[in-house]
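Novice: I have a structure here, written as structure tokens, and I will follow up with some questions on it.
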């Protein structure tokens with residue numbers, strides 16, 4: 001992924017790719033692939049927290065101060081979208097390839113003893 005930055009509350013952050021470890025960190029914070037579109041505020045907060053290596057509470061305060069100061073969180077959503085689109089891991093999870101038909105039924109194959 002090309003290095004991308006975003007600014008929150010006057011501080012610049014370098015975006016991170018949504019690789020396996022990054023997604024695990026998000027899951028540990030209560031954000032999963034299934035909830036990405038259902039919790040936009042939470043994903044913005046947790047993305048900032050993980051990217052900055054800080055707590056969720058800290059990230060929430062930073063975003064709040066940013067919005068109160070006249071900013072918006074569009075830049076976070078933009079970088080999240082770009083990170084997902086650039087991530088081979090994320091793309092493989094959300095767009096799995098269908099295995100080619102081999103003619104074998106895996107349910108009837110015997111396992112080696």
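Novice: Residue 77 to residue 95: extension gain in nm, 0.36 nm per residue of separation minus the Cα-Cα distance? Present the calculation step by step, with values, prior to reporting the outcome.
Specialist: On the way: separation 18, 0.36 × 18 = 6.48 nm, distance 2.07 nm.
Taking 0.36 nm per residue and subtracting the Cα distance, the gain is 4.4 nm.
Novice: Something else: According to the Cα gyration tensor, what semi-axes, each the square root of 5 times an eigenvalue, does the equivalent ellipsoid of segment 5-94 have, listed from largest to smallest in whole Å? The partial results should precede the final answer.
Specialist: Working: eigenvalues 90, 35, 27 Å².
Ellipsoid semi-axes (Å, largest first): 21, 13, 12.
Each reported figure results from applying straightforward, stated rules to the coordinates on display, with no laboratory input. Please read all numbers here as calculations on a predicted model, not as lab measurements.
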